[in-house]
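Asks: The structure that follows is given in the form of structure tokens.
The values are calculated or read from the model by the stated rules, or taken from the named source; none is laboratory data. These numbers were taken from a predicted model, which means no experiment stands behind them. A quick note on method: Cβ atoms are made from the backbone with ideal geometry, for glycine too, and the neighbour counts reach across all protein chains shown. Side chains included, ligands, DNA and RNA excluded: accessible areas come from the protein's heavy atoms. Shrake-Rupley method; radii C 1.70, N 1.55, O 1.52, S 1.80 Å.
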Amino acid sequence: MKSVAFHNLGCKVNSYELDVMQQELIEKGYEIVPFSQKADIYIINTCTVTNIADRKSRQMLHKARQMNPEAVVVAVGCYVQTDTEGVLLDESVDLCVGNNRKKDLAKILEEYLSRREEGDDTPIRPENKTLDDTTIIDINHTDEYEEMTLKQTAEHTRAYIKIQDGCNQFCTYCAIPLARGRVRSRKKEDVLAEIKGIVAAGYKEVVLTGIHISSYGIDFGGKGYYDGESLLIDLVEEICQVDGLERVRLGSLEPRVVTEETAKRLAALPKLCPHFHLSLQSGCDETLQRMNRRYSAAEFLESVKALRSVFKHPGITTDVIVGFPGETEEEFRKTCAFLEQVEFFEMHIFKYSKRAKTKAAQMPNQVPEPVKTQRSNVLLEMEARHSKAFRADYLGQAVEVLFEECKKIDHTEYWIGHTKDYVKVAVAASAENLANCFKTVTVREFLTEEIVLAE
Ligand code: SF4
């Protein structure tokens, strides 16, 4: 039996796809071993969201080669799409599989292994045009959604469910559309069938994920969320009907999907978690325009108000880029003022990273790294303050928690889980096994900056 080690980089969509690729190799009799162990085959599910992600992808490919010089090293996914030539010429790599071909990984791997067993271990290279034009497609000219079915995940409580792929937004700093192609939505019946299977396997919570889930269904010929028709909300309403499913959580959202009407529809769904990741990127209109983000700060605020008017304590989180080309002190001040006004539960702060083949990379007035760092520190301090305030609202309150794992913190064992609005809660471990269990507990104090302690 051949041993396979996987390593995943990047987003929840990559995690979902890795879980399915792993599942299929297990069904074909491969033994999955930890990446730290010597394996016959190494599969790296790459990412290209930033230069650092590219570098980490290359590092993991080279590490695999060092771990076992005889191994078959397979590069998969986004970095393979955006730097195909570079990966194909990388001596560490034997086989490359692009996006929209992950469902065929097992077949492609078996074809390669049988060729190798026949004594032909010619690695895939541009010059020997054998498998490469079947394992890496022109992702920008496909309208096929790559149907894969998840049966189990590494986690045991929450399952990420992919509902769409690709993005048509072309934000000027982002290379993802180049790696993932245009919007391709998954058939509703396939999503529902997968969720029913996952619930039957014991999962209580699903997280709907994709590259741009707000665009769900725009390729079905309908209008689209920017014209007030959100097939995403229709899908969420149907998913909430699935028996045995307890919680539905949404992945990252485009603010314009959230209107007064859609917020009311979401609030009418008891299973829906009031946890909304609305990707902002900047609180300054001038910066938003250069980013090609299609909303103003005022419109974004409308979406936040719509959610806060129908949900008691929604956990609203966001992403912010600092140091975008041309971001002046004045523009940054506007962003800070906007963030102070909204007071997000959590903010993911990113320093602008120049990406090849993106418009922003060519823009004048690139911001020096020390300035990016200084601005990032300002927002990190703000994030810690706002985030703590949001958690502090629960002191003395009873909350329902779905417990996920038992973990040691400062030499003490705790069961850890999340509230519906995504606050992390710990209770001291006892004989009771709380794995994948709901329990209502009362929050007493902070255990750490990010975890509250309850009993
Ligand atoms: S919405 Fe913008 S940032 Fe998000 S994947 Fe699409 S292009 Fe990238």
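Matching residues to (1) away from the ligand (no atom under 15 Å from the Cβ); (2) in contact with a strand residue (DSSP E or B) (Cβ under 8 Å, 6 or more places away or on another chain); (3) of a type in the set (Lys, Arg):
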position: Tyr160; (1), (2), (3): yes, yes, no
position: Gln164; (1), (2), (3): no, yes, no
position: Phe170; (1), (2), (3): no, no, no
position: Ser185; (1), (2), (3): no, yes, no
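Asks: Checking the conditions here, which among Ser282, Ser303, Ser230 is in contact with a helix residue (DSSP H, G or I) (Cβ under 7 Å, 6 or more places away or on another chain), in the same structural domain as Phe170 (by TED's automatic domain parsing) and at pLDDT below 95?
Replies: Ser230
Asks: Only one of these is at pLDDT 95 or above and under 21 Å from the mean Cα position of the chain (by Cα): His62, His7. Name it.
Replies: Details: His62 fails: under 21 Å from the mean Cα position of the chain (by Cα).
Answer to the check: His7.
Asks: Still on this structure, please answer the following. Could you tell me which residue of region 321-344 is nearest to the chain's Cα centre (by Cα), considering only residues that are farther than 17 Å from Ala298 by Cβ and crowded, with 18+ Cβ neighbours inside 10 Å?
Replies: Ile321
Asks: Taking Ala179 as the residue in question, decide whether it is within 16 Å of the ligand (Cβ to nearest atom) and either crowded, with 23+ Cβ neighbours inside 10 Å or outside any strand (DSSP E or B) (or both).
Replies: Answer is yes for this residue.
Asks: Shifting gears a bit: When you go through Ile218, Ile161 one by one, which is the residue that is within 22 Å of Val20 (Cβ to Cβ) and surrounded by 15 or more Cβ atoms within 10 Å (Cβ to Cβ)?
Replies: Matching residue, one of Ile218, Ile161: Ile161.
Asks: Any idea which of Gly29, Gly10, Gly77 is touching a residue at least 12 places away in the same chain (Cβ under 8 Å), open to solvent by less than 20 Å² (accessible area, probe 1.4 Å) and within 25 Å of Glu194 (Cα to Cα)?
Replies: Among Gly29, Gly10, Gly77, only Gly77 is touching a residue at least 12 places away in the same chain (Cβ under 8 Å), open to solvent by less than 20 Å² (accessible area, probe 1.4 Å) and within 25 Å of Glu194 (Cα to Cα).
Asks: Now a separate question. If you take the residues of region 286-317 that are touching a residue at least 60 places away in the same chain (Cβ under 8 Å) and within 16 Å of the ligand (Cβ to nearest atom), which of them is most open to solvent (accessible area, probe 1.4 Å)?
Replies: Here the residue is Arg294.
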